[in-house]
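Input: a single structure, listed below in structure tokens.
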Amino acid sequence: MFPGRFLLIVALGLLAGCAKPVALPDVVVSAASKEDFTRFNADLGQRFPPEQLQAFDTAVQELQLDAMHRDIATAAGREADMLAAVNGQTVHAVTLLGWQARKARFLRELAEITRMLEHDLRQAAKAPPSDSLARRIGSEKEVSAKLQASLAETDRRLAGLLSRPN
């Protein structure tokens with residue numbers, strides 16, 4: 001009877017070794033603490049190539065930036081806020097949440113630069129603009145164009161994330 005049990009254990013071991021690994025989007029984030037999230041990230045780095053983790057890493061950073069926008073003043077506070085938001089979520093859900101925060105940030109920044117540009121254009125329309133005003137208008141237009149391009153890219157990423165079947 002011993003050889004039969006041994007074969008059964010070996011067979012189960014082989015089957016377990018052949019189990020399909022969890023796809024990155026379906027991995028559940030472990031972030032009960034800073035240390036827990038650090039271990040989780042290290043494990044992800046061992047299991048997946050950096051290019052597959054870029055969108056997730058960006059999302060985590062955006063969630064911390066969003067905390068700053070919500071007036072969470074300290075870096076530790078922003079990190080704690082992010083950890084609370086991501087713990088127990090899938091990588092896909094965290095990535096979606098972070099990229100939505102990114103879009104909101106770009107929309108806020110675009111609104112602010114547009115307000116500044118419109119003000120400076122009104123100033124320039126009143127009288128010939130000074131060199132500094134002309135440079136500032138040029139700079140504001142450049143920043144606005146970059147933000148619009150970043151917003152368009154973010155919208156493309158979000159569309160891809162939203163089209164993923166759950």
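The values are calculated or read from the model by the stated rules, or taken from the named source; none is laboratory data. Predicted, not measured: the structure shown is a model, and the values here were computed from it. Methodologically, a virtual Cβ is constructed for each residue, glycine included, from the backbone with ideal geometry; neighbour enumeration extends over all protein chains shown.
Observations
- Number of positions in the range 22-65 that are closer than 16 Å to ASN87 by Cβ, free of Cβ contacts under 8 Å to residues at least 60 places away in the same chain and outside any loop (DSSP other than H, G, I, E, B): 15
- Residue match in the range 123-138 (condition: modelled with pLDDT of 95 or more, surrounded by 16 or more Cβ atoms within 10 Å (Cβ to Cβ) and under 30 Å from GLN100 (Cβ atoms)): no
- Residue match in the range 155-162 (condition: in contact with a helix residue (DSSP H, G or I) (Cβ under 8 Å, 6 or more places away or on another chain), assigned to a helix (DSSP H, G or I), surrounded by fewer than 16 Cβ atoms within 10 Å (Cβ to Cβ) and charged (D, E, K, R)): yes
- Candidates SER150, SER139, filtered to the one that is closer than 30 Å to HIS92 by Cα, of a type in the set (Gly, Ala, Ser) and assigned to a helix (DSSP H, G or I): SER150
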